[in-house]
Amino acid sequence: MEYESSSSIWDGVYYYPHLFGGLMLTAALLGLSTSYFGGLGFSSLPYMLSDLGIFHKKKCQKKRIRVYMDGCFDLMHYGHANALRQAKALGDELVVGVVSDEEIVANKGPPVLSMEERLALVSGLKWVDEVIANAPYAITEKFMNSLFNEHKIDYIIHGDDPCLLPDGTDAYALAKKAGRYKQIKRTEGVSSTDIVGRILSSLKDKKACENHDDSSSLPGIALKGSQSNSAHISQFLPTSRRIVQFSNGKGPGPNARVVYIDGAFDLFHAGHVEILRSARQLGDFLLVGIHTDQIVSEHRGKGHPIMHLHERSLSVLACRYVDEVIIGAPWEVTKDMVTTFNITLVVHGTVAENNSLLAGEPDPYAVPKSMRIFRMLDSPKTITTTSVAQRIVANHEAYLVVLSFSLLLYLNEFNVICVFLLD
């Protein structure tokens, strides 16, 4: 403390020589000599002047930069997570706007996930600090002013892919004009449209497989669906750098209570977020095992998983409740695993896909059960990967009906015009 105060006064002499000289001259005129200061103790002078606040430097606290990014976040995938990770890197606090159901219907068609489910997914990401529900699809002047004035947003962020409104205008034109717009790079290899295509393709493969079983006695029948994975191969190329970007980079403490939960975590959804939250609350460190593509396919059937191992791993790693993942975890929790990872508790949700045991296959949780470290965990939500896929199919069929009806109206109108012209 004494050193800091002395430093401050000599800084004052350097930066304010005239002021300091004036003070000394005044002291001399009043008959105050250096012996007086000596009586006080020269070391006490800095404290006296410090109390006056004359030579104190103003410590400017750096303003925290708040950035905003919005989206529909329907069928949340690792591309969305990576976009929000990049957005957070452009500031100190990330505020995310989740577009309302009504705005999505008006601009893109009906969403697959409800607002509540999309909010759970976005809030569950480790890079998100605040969430604004029912955000508009386009950045209007009114909403932009609300972001700047009420939410104290410094910059609005979006990917380098174009975002156009139905009239062809740029949804972020106003933010760009205001000079408060920043851009991030889009994550290649995945999109919501791509995932819908994979789901529809996998269901087609499954139906073809069933037809193949029904007609297996007929010779010479070749089915296109017999090579399911070729129809929906992911274009994502995993790198160690991306995995590091998503990781916490921290291991459990010496006396940490390590909780383990495993699964496919395919089409990462709100049910996954909530069960991971519940599991994390039971300990200090949550370790998640992600099953291999082969294991998932063997237990769930042809066409599964929709997302491959590394895609699923990134989605789980992006969740704020997850500390570490095992990429390609075995189906069976062994004694060796429990010892290696110092697992205190193994949990499994009450709501899960139909992971039926194969013929002669042992209970995957036999070891933790025998060690009395296994617990069934009530799943907060009933949503599953299958139910999400079913919604997508229903939406797709409804879209085809609307498209067919529109086409009929168009053809009918075209025929009327043709008849009119012929007459």
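The values are calculated or read from the model by the stated rules, or taken from the named source; none is laboratory data. Note that the structure is predicted; figures quoted are calculated from it, not measured. Every residue, glycine among them, receives a Cβ derived from its backbone with ideal geometry; neighbour counts consider all protein chains shown. Please note that ligands, DNA and RNA were not included when accessible areas were found on the heavy atoms of the full protein model with its side chains. Shrake-Rupley method; radii C 1.70, N 1.55, O 1.52, S 1.80 Å.
From the set of residues in region 292-303 that are surrounded by fewer than 22 Cβ atoms within 10 Å (Cβ to Cβ) and in contact (Cβ under 8 Å) with a residue 60 or more places away in the chain, which is nearest to VAL333 (Cα to Cα)?
By that ranking, first place goes to GLU298.
Consider only pairs whose beta carbons are under 7 Å apart and that are at least six residues apart or on different chains; among these, list those whose first residue lies in region 80-95 and is more than 11 Å from LYS182 (Cβ to Cβ) and whose second residue is of a type in the set (Phe, Trp, Tyr) and not in a strand (DSSP E or B).
Going by the 7 Å Cβ cut-off, the qualifying pairs are HIS80/PHE73; LEU84/TRP127; ARG85/TRP127; LYS88/TRP127; LEU94/TRP127.
Any idea how many residues of region 334-357 are open to solvent by 70 Å² or more (accessible area, probe 1.4 Å) and not charged (D, E, K, R)?
Within region 334-357, residues that are open to solvent by 70 Å² or more (accessible area, probe 1.4 Å) and not charged (D, E, K, R) number 7.
Can you tell me how many residues in region 319-333 are open to solvent by 50 Å² or more (accessible area, probe 1.4 Å) and within 18 Å of LEU357 (Cα to Cα)?
2
Checking PHE285 against (1) closer than 30 Å to LYS204 by Cα; (2) surrounded by 21 or more Cβ atoms within 10 Å (Cβ to Cβ); (3) among the aromatic types (Phe, Trp, Tyr), which test does it fail?
All conditions pass for PHE285, except number (1).
Would you check which residues across region 358-396 are among the β-branched types (Val, Ile, Thr), open to solvent by 30 Å² or more (accessible area, probe 1.4 Å) and either part of a loop (DSSP other than H, G, I, E, B) or free of Cβ contacts under 8 Å to residues at least 24 places away in the same chain (or both) and list them?
Listed by number, the list holds a single entry, THR382.
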